[in-house]
Structures are given as C-alpha cells and as structure tokens.
Amino acid sequence: MTAELVRGQNHPLSQSRLEIRISAGTPVAAAAALGDENGRIHGTEWVAHPGAPVQPGLEVSRQAAADHRLAVDLDAMTDAVHRVSVLLALPAANAGAGPARFGSVAAPFVAVTGLDGTEVASYTITGLNLESAVVALELYRRQGAWKVRAVGQGYAGGLAELFADQGLSEAAQLAAGIDEAVAKGLVRSVQAPPPRTPEGDRSRQAAAPAVGPDQGAAPQGAPGPVPPAYGGQPAGGQGQGGPQPPYGGATDPHAPSGGPVDYSHPRRQTSAPPPPPPAAPPAHPGQPARPVAGDATGWSMEERLYNQVWGMFEDLARTAAAYRSAVDFAESRMDKELEQALSDPRSRIGGQGDAAREAARARYTQLVDQARASLDRDLDQLAAESEVVEPALPPAFARWDNPCWHAYRVPMEIPMALRLGDLRLPEAESIRIPMLLRLPLERGLWIDSGRTESLDGSFTDSHDMRRLAMDTAVAHAARLLAVYPAGEFTVHVVDPAGSGAQALAPLTQTGVLAGPPAQGAAGVTEVLARLTQRVDLVQMALRGGAPDALPPGFDTSQQLLIVNDFPHGFDDRAVNQLRYLVDEGPSAGVHLMMVADREESAGYGPLLDPLWRSLLRLTAVPDDHLADPWVGHAWTYEPPSVPPGSEVLRQVLTQVAEARRTWNR
C-alpha cells in the first residue's frame, strides 16, 4: 500500500533499488545531492545533475522534462553517504522565459517506487509560491536502515541559494553549471505533448466531448478540459483564441440593483458539444479495437488528429520507457545473482557455480522476452494506428508524398500546427510520429548545415551538407507559405554570397518571396534594418494600446527571414540585430530561420550563445539530437523530403503565388 506523505512525514524503505518518479505541469530540472550524517555536501562531485547525471548508486535525467525517473541503488552508496536529497528547479527561472516560480504551476508530484513500478511512498509538494527551486524529499540512513522523508523546502533564490543552504561552498558555480547544461538540453527539446485525459489511457478510452472555449468544466463522467498546449496556446482549433464570453453570462455586479439575475452555474456548459468522433469498427473477440483516424477529443477533425498524433507520441515514449526499465531491471538482477554466486565459496566447487550462472542468465532471458513481447504488442497497435492516421492528415500535418497535396487549395484559415518532420525511436524503427509545431511560431528554427556524420556512419562533405540544409529550409518555408491564407505570410531571404541560389529556385521562380534574395553586406544591412524597424513599430503600437495606429499600407502578415551562409556578410551590428529579432520578433510576427554551422560562427563566442539557445535546432539528415520533455528519450529526427522527381513543391507554391496576386488586386 502506498504511503501518501505530508511535509515532514517519513516512511521506511524495504528495497534498496528504487526509482523516484517526478511529475510536474511544466519542464523542471531534476538533481540529487548526497550528504553526510549532518546533511552537508562535501563538494560538487556529490551532486548528480543534468551536467553530471551519474554518481555512485545514483542517476538523474540529463535534461529538463515534465516527467522524470531517477534511479537509486542504496546498496551502492558509499559509507560516507547518509542522505540523498531530491532537488527540483524551474529551468526557465534564470532565462526569462516560462514560469519563474513554482506558485504559478501545478504542484509537483514525487513518488518512490520499486523497479517493478509498485509505489512505496508519494508526496505532492504543495504550499509553494515564489520558490524556483525545492528540496522535494530525502532518503536518509538511520541505524542501518533507509527511510524516505517528505521535505518540500523551497528557495526563492533558486539552486544557488539551495546549495548554499546545504553547506556547499561552490554553490553559485554549480548552479550556473546546471543552468548551462539545462539550457543546452532545452535547445534540442521538442514541444511537450498535450495532456492526457484523467483516465490516462488514450487508446483504450472512449472519446468524450471536449470542453469548448466558454466552458470551464466537462459534464459529469467526461474528461476534463484540455489545458493549453506547450507555448500557452489553446488546445482547440481556430476560433478558440478570440474574446471570451462574460463570466457565466451573469450581469455586471456593479450594475444598479433590480436588473435580471442569471442563476445559471457560472461554469456550466452553454454551447452544444462537438460531434462525436468516429466510432471504431467492432473488433474480433480477444483482439484490441481497430484504430480509427480522429478518435481523440477535439472540436474539429484537425484538432482530433493533432491530439491523436501527440497521443501516439506519448504512447511510444511510454512503452519504450517501460521496455528499457524492464531490461535494466533484468540486467541488474542478473548481475546481482552472478555476484552472489561468485562470492559464495561453496558454488566454486563442482557444477553448482555453473548451474547458478545458467539459472541467472535464463531468468534474465525470460524477463527480457516478456518485456519484448509486451513492447511488440504495443508497437503493433501503434503501427496499425499510424497506417490509418497518416493518410487522413490534412496538408499542414501531412508528408510531401501524401496524396492530399495533389488536391491542395490555398486555405482560408490558419491551421493549428504544421509538420516539421518525423520522430522515431530505436525500438520502433518502422514507426514514424509526425513532429507537429503549433502556429503561430513562438521560436525560430536553426537548420544545422555543419553535421557531417549520419547515424549509419556515413559522411557527407560540407558542400553537400550546405545544399541539403538549404533544401530542408526551403521545404519548411514552402509548407509555411502553403498553410497560411493568401497574403498572411511573407518570406524574406538573406543569401550574402548567393550560394543558395539553386536550392532557392522553387521560391524565386514561383514568385512567392517578398523580393529577390538579399546579397552582400549591403543587402544584409537593408533587410535587417527593415525588419528591425517593423518590430519596433509593432511593439510601440501594442504598448501604446493602439494596434490600429500603424502606418497606412503596413503589411500585417507574419514575416519569415531565411538567413543562409551565416556569418558571411554579417558584422557585429548585424549580429546584434539578429539577436533582437530572435528575442523580440515572434511577439511582433517576425520569425527567423537560420541555415548555419555553429563551428563556423564560433568566432563570435558568447555573443551568439543566447541566439542559438532560442532557436529549435533541426538537421538536414536523420539525427538523434532531439529529446522529449516527458521522459527525456533521445528521438531520431528525420527532416521532410520531397519525393525525387516530384513537382509537388512547385505546384503548391504556384497556387500560393496565384492566390496572392488575386488577393492583392
């Protein structure tokens, strides 16, 4: 039975090998500090954190995530260690983005479990307000036995104040190092999937009506409202971000008395629920239900498909995590049994030792086979779901080889998201999960042109990498142009040396660019000055409360700047303007897509570090550099590619250009 702890309460631990599972409503950095009998940390080497995730008997996650699994082996702790403190921190508190205090997010939940997943003790950390770092709980040794205690001690000064309170002299330096490691991890992380229903099992729950924009609670027995997705945007489709109705429709409380009174519940459903999702065809007895495209909750088919895709992403992450955990448990159990067999002198005589080793290996094989069978069962269901979902995706979510592009028409509304490529895991090479990014963009893209070694060990020379990177950037830009209504998305290109002319041909020849690609230092200066001035004007209008006061003829469309061959043609002033556009541009509708090699720009040093961290890094070849914010898997990213010999890209861009000319008449 699980012990649900309150602050200060303790509980005995009967197992030495444990997992500490952390669940938070936002990505948090997890660390663990080892202390002596007085709780003192003797040095930075006594702290496991994302920059140094492994210590004797302890392993923490390598990046910030909404869910963590920390591995603890109490038997492997040295005799000097008497306390293991689990630490949580908000990674964005020092970066100026995202929540800066635990009081503004959901209360973190921490559970101590055995390797089989059985919960031993749990603790919900409540009562936090201004704190950005917290000691969640501690495992401590008392009279030769280990116990867990709920702590919940928060620190408004972040990790630096926390480590200083723990008696660590290098507190500020260690906190800065952790912030640096977490920032690097966030650069390579994909957005968080939308939350699950309270029941938790997406594939086996009947879909219920989603909550509309004017509803705060679902009908009794139905899943609750879908919280905003990553980035603070509504999880619903178009129209949910508009003005909200008055609170419950009630009259103004300051109005004169005697007026009508609305006695309806202020959060009662007032609009018709969305139509039910498609029903799954009946399954054969003993077989799982056959998947149906769009069986997730949502107010439109687009929203249902979006939520279903992220549900598939989460299902694959979860089943892979369960498989890896089971294999790790089997390996640790076999190692322990082999160690016991070798340490017993009696087993060294005759065939007892060989028999013990064979039995240990047989139990290992049995456990791994059971885990693999469970994994294969889940993967078969995901593969079947992918086969029905992929053909049903709209153009914004579909691959370039999807037949929906042949029936493409310029849309009248902005979609919820667009596809940036595919994601997969080593355990399921054949299953591709679409990588969807919410619109409008909230961070720029960095297309890496510097990586030369692919996952299969082959190498690509620098010239081919630059060409592939520009091809990838053009594919992304073409999709952005295609999913926006006519006249609502504008693309600028800076190509100082003209090296990207061949890759840019689909954009230049169809006439969808705002103007010819800017070349030379003068062209770079002119484009950056124009976009910087645009951001300034929009910000002044918004801050002054007069968004309609922009100059006549001002282009209100979203702007995308593609920068090729950086840093060629850029001086210090131009680099500062780029940083300004990265930081301030998205809020003013100006977005950046860099096609660059980090090593070639190393001469700028720390000047460019904030810029790189603000961009989502993508590659032109498959690469396992992306990590999810849920369990921290290293996902292999595959960039979008147009089928060889296909004219679909030019056909789509031609329609976009024609729709723009018609719109401008």
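The values are calculated or read from the model by the stated rules, or taken from the named source; none is laboratory data. As the structure is a prediction and not an experimental result, all values here were calculated from the model. Quick reminder, even Gly has a Cβ in these numbers, built from the backbone with ideal geometry, and neighbours come from all protein chains shown. Just the protein is used for accessible areas: all its heavy atoms, side chains included, with ligands, DNA and RNA removed. Shrake-Rupley method; radii C 1.70, N 1.55, O 1.52, S 1.80 Å.
Worth a mention:
- W46 exposes around 50 Å² of accessible area when a 1.4 Å probe is run over every protein chain in place.
- F329 - accessible surface, heavy atoms, 1.4 Å probe, Å² rounded to 10: 70 Å²
- Ranked order, E647, E337 - accessible area, probe 1.4 Å, largest first: E647, E337
- Rounded accessible area of E599 (nearest 10 Å², 1.4 Å probe): 150 Å²
- Tensor-based shape of segment 560-661 (alpha-carbon gyration tensor, a/c under 1.5 rounded, otherwise prolate or oblate): oblate
- Added length on full extension, which subtracts the Cα-Cα distance from 0.36 nm per residue, H568 to T78: 171.0 nm
- Anisotropy class of segment 1-49 from Cα gyration tensor, a/c 1.5 cut: oblate
- Label zone at L542, where the point sits 7 Å out along the Cα-to-Cβ direction: segment 553-584 residues whose backbone N lies under 18 Å: 554-561, 578-584
- Probe 1.4 Å, protein heavy atoms only - accessible area per residue of segment 561-665 in square angstrom: 41 Å²
- Largest to smallest in accessible area, the residues L115, L342 fall in the order L342, L115 (1.4 Å probe, all protein chains included).
- Solvent exposure of segment 381-509 amounts to 37 Å² per residue of accessible area, where only protein heavy atoms count and the probe is 1.4 Å.
- Across K147, K184, K336, the residue with the most accessible area heads the list, and the full order at a 1.4 Å probe is K184, K336, K147.
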